[in-house]
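First comes the structure, then the notes that go with it.
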């Protein structure tokens, strides 16, 4: 093609024809304002129309794909869908990596039939991974150190951000068009919200499973905790589980060991409440359940099924049920002496409430906080607290959080609930507890509620205070 077009005036128009490509033509006609109206002719116009049609069809496919992602059964299926969509739309050959319990990223998914023999199986990229935008790795030295030995050009890492963390990303080697990269960024951002929903759904199933086990635990303490531990082990996909408790001033004692007899007598990890040790072969979690008492739950993985992030999330979700059940069960704990203030749990249930509020703000969800306070002086009777906790739990959904506050009150976080639903739940709890009080099974219990997030700065303490005001326990 020549550098300059051949320009020929014809009937008031200006016709420009590229000398070596007569089919690529541009028509320019003066308008009433003296400007030129430009029209493309021949195969150029046809090609542009086809490209624009392809772009519109791809955008429509992306919008449809957003709805499809919400139907994913799990995170790995979701990442496979992202990879296949990129291949169909833009011929992108991507790999998916997920964070394991060691903190490294492991290869998780790729296109069917793709050759992954030259791809790194594990990556340690936290030092270079950018949460706000794709990370480009173009240095040959950096690529070789990370494990890409035969890549020409660069590798682009597109993060999937869920709950403020990057636990997954897509890696694309080779040249990547701007439109294709923009699409990957868009769908990975949406995938982060889906990952949060999947984790929340999985945690709800674990809590529901253990709550059903607690509801059927009517026998002695040892038999009840063994039943609960067995369900807990299955929910986490663990080979074995054991539970130990520690009373103030006493050594930690193993109260249950299920699935592995050899480790029943070995010492439990010396974890404080809120501390954890998470490894592929073993997980241990410390927790508190009121009155200064604490405990440790420990899991062993099967040799052929190591623990991952999903199992750790399931263990943390189940810990809420275990700690609340223990806090309301009389297991012979010494009641606080009159001259000694009870030791508040550490961390208190307020931390779990804070996490729920942060998640609600990220996902723009509404809900409520319910507080039940046993009237009367002195320390709470374990038998009474057990009845109150069981009564409140029976009127809530399995996905709702329930726990004991540092001050002794029972609190619940009602997730994804509209104002009418929060008010109805509070009325049900109040009616049940009033009936128990009339039957003299428990003292009078005041029940109040409030909505969240009332504002972006709402804290667990402020919401509890509003719920207590609504119950008539405090005055503004």
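Couple of notes before you dig in:
- Only one entry of 417, 391 meets the criterion of being assigned to a loop (DSSP other than H, G, I, E, B) and crowded, with 17+ Cβ neighbours inside 10 Å, and that entry is 417.
- All positions within the stretch 131-164 that are closer than 30 Å to residue 363 by Cα, touching a strand residue (DSSP E or B) at 6+ places or on another chain (Cβ under 8 Å) and surrounded by 12 or more Cβ atoms within 10 Å (Cβ to Cβ): 134, 135, 136, 156, 157, 158, 159, 160, 162
- Residue check, residue 238 buried (at least 21 other Cβ atoms within 10 Å of the Cβ) and not assigned by TED's automatic domain parsing to the domain that holds residue 165: yes
- If the condition is being out of contact with any helix residue (DSSP H, G or I) (no Cβ under 9 Å at 6 or more places or on another chain) and at pLDDT below 95, then the stretch 149-165 contributes 150, 152, 153, 165.
- Per the conditions (1) at pLDDT below 80; (2) under 19 Å from residue 225 (Cα atoms); (3) surrounded by 19 or more Cβ atoms within 10 Å (Cβ to Cβ), the sole criterion not satisfied by residue 331 is (3).
- Residue 79 under 18 Å from residue 173 (Cβ atoms) and assigned to a helix (DSSP H, G or I): yes
- Unique residue being farther than 20 Å from residue 194 by Cβ, assigned to a strand (DSSP E or B), in the same structural domain as residue 92 (by TED's automatic domain parsing) and in contact (Cβ under 8 Å) with a residue 12 or more places away in the chain when the list is 136, 168: 136
- Residues within the stretch 59-89 that are touching a helix residue (DSSP H, G or I) at 6+ places or on another chain (Cβ under 7 Å) and buried (at least 17 other Cβ atoms within 10 Å of the Cβ), tallied: 10
- Residue within the stretch 165-174 that is over 19 Å from the mean Cα position of the chain (by Cα) and on the phi > 0 side of the Ramachandran plot present: yes
- Checking residue 210 against (1) in the same structural domain as residue 89 (by TED's automatic domain parsing); (2) under 28 Å from residue 363 (Cβ atoms), the condition it does not meet: (1)
The values are calculated or read from the model by the stated rules, or taken from the named source; none is laboratory data. Just so it is clear, the model here is predicted, and its values are computed rather than measured. Virtual Cβ from ideal backbone geometry, glycine too; neighbours counted across all protein chains shown.
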